[in-house]
Every structure is written in structure tokens, then in C-alpha cells.
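Everything on this sheet refers to the single structure shown next.
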Amino acid sequence: MTYLKVQWNHTFSAEPVLLCSELDDARLEVRKVEVFRDGQTGHADRRGGSGQTRLGEEPVPPVAEIAADPQFEPVEITKEEFEDVWEQARRKWRC
């Protein structure tokens with residue numbers, strides 16, 4: 001598995017500013033967390049998602065390809081870092 005965090009620099013109020021993804025060996029999303037400017041979060045896995053958050057249907061490009069677009073700041077993270085973000089997002093939706 002690969003774990004990816006992407007900061008998305010934009011001014012769209014309805015779009016997330018941070019995306020964290022767990023990717024399988026084919027770089028397909030297994031789980032994803034989206035964080036919005038106002039602090040709201042959404043999360044998705046293969047069973048479904050919260051809010052408007054859904055898994056992508058295409059493989060996620062390599063970090064270098066994502067980074068070639070100046071609006072994105074991607075970085076690989078550890079499984080532990082992803083699990084922390086995942087649990088925080090899930091807790092918000094249980095309340």
C-alpha cells in the first residue's frame with residue numbers, strides 16, 4: 001500500500017483543500033479522506049462514502065506527475081499518519 005497526502009491550493013469553496021489516500025498496488029484508492037477549508041471532512045472506502053466523498057475510479061498518478069501541476073503539493077505519508085487522519089474523519093461523522 002502507498003499513502004498519499006495532497007494539498008490542493010485553490011479558491012473553490014466547495015472543493016477540498018487536502019486529500020489523503022490509501023492506494024493499492026495498482027494505485028487505485030482503497031480509502032480516502034477529504035478536508036475542506038472550513039474544517040469539514042468527508043471519507044470514503046470501497047463500501048461507500050460520507051457526504052460527497054467517493055473513491056476515484058482511475059489510478060492515482062505518481063507523485064512527480066501530480067507535483068508538476070503547481071496547484072498540488074503531494075507527499076507520501078506513513079500508514080500511521082493516514083490511519084490517524086482516517087480515524088479523525090470517521091469520528092467527526094459519528095457525532
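Throughout, read-outs are computed from the coordinates displayed, never taken from laboratory work. Just so it is clear, the structure is predicted and the values come from calculations on it, not from any experiment. No Cβ is skipped: glycine too gets one built from the backbone with ideal geometry, and neighbour counts run over all protein chains shown.
When the dipole is taken about the Cα centre of the chain, and only Lys, Arg (+1) and Asp, Glu (-1) are charged at their Cβ, what size is it in debye, to the nearest 20?
Rounded to the nearest 20 debye, it is 520 debye.
Determine the gain in length on full extension of the stretch Gln40-Met1; use 0.36 nm per residue of separation and subtract their C-alpha separation, reporting nm with one decimal.
11.4 nm
So how strong a dipole does the stretch 35-84 carry about its Cα centre when Lys and Arg Cβ are +1 and Asp and Glu Cβ are -1, to the nearest 20 debye?
Charge dipole, the stretch 35-84, about its Cα centre: 300 debye, nearest 20.
How much length, in nm to one decimal, is gained on full extension between Glu81 and Glu15, taken as 0.36 nm per residue of separation minus their Cα-Cα distance?
Fully extending the segment from Glu81 to Glu15 adds 21.5 nm.
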